[in-house]
1. Of all residues in the stretch 84-116 being open to solvent by 40 Å² or more (accessible area, probe 1.4 Å) and among the acidic types (Asp, Glu), which is farthest from ILE142 (Cα to Cα)?
2. Restricting attention to the stretch 191-201, and to residues there that are of a type outside the set (D, E, K, R) and open to solvent by less than 60 Å² (accessible area, probe 1.4 Å), which single residue is farthest from THR145 (Cα to Cα)?
3. Within the stretch 53-86, can you find the residues that are in a helix (DSSP H, G or I), touching a strand residue (DSSP E or B) at 6+ places or on another chain (Cβ under 9 Å) and either without any contact (Cβ under 8 Å) to a residue 60 or more places away in the chain or of a type in the set (Lys, Arg) (or both)?
4. Go through the stretch 117-162 and give me each residue that's under 24 Å from ILE204 (Cβ atoms), crowded, with 16+ Cβ neighbours inside 10 Å and touching a strand residue (DSSP E or B) at 6+ places or on another chain (Cβ under 7 Å).
5. Are there any pairs, at least 6 apart or on different chains, whose C-beta atoms fall under 7 Å, with the first in the stretch 156-183 and under 20 Å from ASN136 (Cα atoms) and the second part of a loop (DSSP other than H, G, I, E, B), and if so, which?
6. Return the only residue of LEU58, LEU141, LEU118, LEU54 being farther than 18 Å from PHE197 by Cα and either within 15 Å of the chain's Cα centre (by Cα) or of a type in the set (A, V, I, L, M, F, W, C) (or both).
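The values are calculated or read from the model by the stated rules, or taken from the named source; none is laboratory data. This structure is a prediction, so every number in the text was calculated from the model and none was measured. For neighbour counting, all protein chains shown are included, and Cβ atoms are generated from backbone atoms with ideal geometry for every residue, glycine included. Heads up: the accessible areas ignore ligands, DNA and RNA and are worked out on the full protein's heavy atoms, side chains in. Shrake-Rupley method; radii C 1.70, N 1.55, O 1.52, S 1.80 Å.
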Amino acid sequence: MDNKKHWETIYTEKQPNEVSWTQNIPTLSLELIQRTNKPKSAQIIDVGGGESNLVDHLLALGYQNVSVLDISENALSRCKQRLGEKGKDVQWIVSDITKFQTETKFDIWHDRAVFHFLTDEDSISAYKRNLLNALNQEGELIIGTFSNDGPKKCSGLEIKQYTEATLTETFSPEFLPIKFQREDHQTPFGTVQNFVFGRFKKNI
């Protein structure tokens, strides 16, 4: 099964309380976005947003230009349906992030848990190239991945674990780290997954 079919199936068969990544309030992501001190008019993209609640909270905070990208059309349809009229100005993008192309220049690129699914060098290079093309010169990258203390698999797929050092190495020299933070994510099943989050600024 290819990646798109895998995720379309997940978002057809599973409800939010049946998948490990669900967060009612994505507190750390919201804090990191607000710490960028970008205006409410900033262009923000949530990569792999699926039916995450992040977009709901960003809109409630007054952010005006939010895009949500996911490989699964089913995930975005469910998110769009949940938001209703509140999501009328959200840009919904169905795309594999390794193939994503856009004319929009984003001020904030947020990714919680897509990047660690890219386990081969070609996919990682494609992600980084598309990130560089899409992010403004003064833009910031906020990325969360499973840490070296986190799971080795997710949703039946192999993942790549990261530390603060390996994230820095992966995105160098084009990005410089601003701050790292670990988070113990409590899943709907009562288990704990450790994430490492990094905030980076563009260095080219």
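1. GLU85
2. For the stretch 191-201, the residue satisfying everything is PHE200.
3. LEU54, VAL55, LEU58, LEU59, LEU76, SER77, CYS79, LYS80
4. LEU131, ALA134, LEU135, ASN136, GLY139, GLU140, LEU141, ILE142, ILE143, GLY144, THR145, TYR162, listed by residue number.
5. Note: pairs meeting the criteria are PRO173/ASN203; GLU174/ASN203; GLU174/ILE204; PHE175/ASN203; LEU176/ASN203.
6. LEU58
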